[in-house]
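The values are calculated or read from the model by the stated rules, or taken from the named source; none is laboratory data. Model, not experiment: these values are computed from the prediction. Every residue, glycine as well, gets a Cβ built from its backbone with ideal geometry; the counts of neighbours run over all protein chains shown. Side chains are part of the model used for accessible areas, which takes the heavy atoms of the whole protein and leaves out ligands, DNA and RNA. Shrake-Rupley method; radii C 1.70, N 1.55, O 1.52, S 1.80 Å.
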Amino acid sequence: MARTDENRRDRDRQEVRLDSPKGMRTRVLPTRRRGRGDTFGRATEGIARGMGTPWFLIGLTLFCVVWMAYNTLAPKPWQFDSAAIGFTALTLVLSLQASYAAPLILLAQNRQDDRDRVQFEQDRQRAERNLADTEYLAREVVALRLAMRDMASKDFIRAELRSLLEELDRRDADEAAFGGGEPAYGGEGTSTRG
């Protein structure tokens, strides 16, 4: 029973049904392998980049000059675009070129905007990381300064030892004066400390 249900589902999947979602349909025609989806965009940018060069403008100018010179100076039967009617074919060719140039330039600009947007986002993330690193390092420097401030320096330790020695000498002198005996460290009135 389960086997027949599976076979029925497989048959239904193999049938092309227009009322089923696109992902569930099988393809009627074999699909061809597509290359990189970026090929058209790169070609568009190349064309737009080429149209923005002085060489393109010089070439287009030379093309127009040759066209007009030929259609003006060539014998009448050889002319294909009359100067009398204002070089209509040349106008159409230039209009066609302009009608393709504008969208190609816009496509190239859109791709550049997308790249700029991605670059801006990466720069913003990098700046946030740098700011976080800088703040961390600043906190660490402050912590080190506070720790250094709390740390005893050589001068502080020497002063403390001197005050302790003076206090011990005073106590020994007081014991000797009141107790009548010798100081505990031996020797009368002379201190071996210091």
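General observations
- You can think of it this way: the chain between GLU167 and ARG111 has 11.9 nm of extra reach, that is 0.36 nm per residue less the Cα-Cα gap.
- Each label point was placed 7 Å from the Cα along the Cα-to-Cβ direction; for TRP55 and GLU160 their separation is 7.9 nm.
- Of GLU121, GLU45, the residue with the largest accessible area leads and the full order is GLU121, GLU45 (1.4 Å probe).
- Length released on extending from THR91 to ARG139, taking residue separation times 0.36 nm less the Cα-Cα span: 10.3 nm
- Calculated from backbone phi, Karplus (6.51, -1.76, 1.60) coupling profile of the stretch 55-64 in Hz, x at Gly/Pro: 5, 5, 5, 5, x, 5, 5, 4, 4, 5
- Counting only protein heavy atoms and a 1.4 Å probe, the stretch 103-186 has 87 square angstrom of accessible area per residue.
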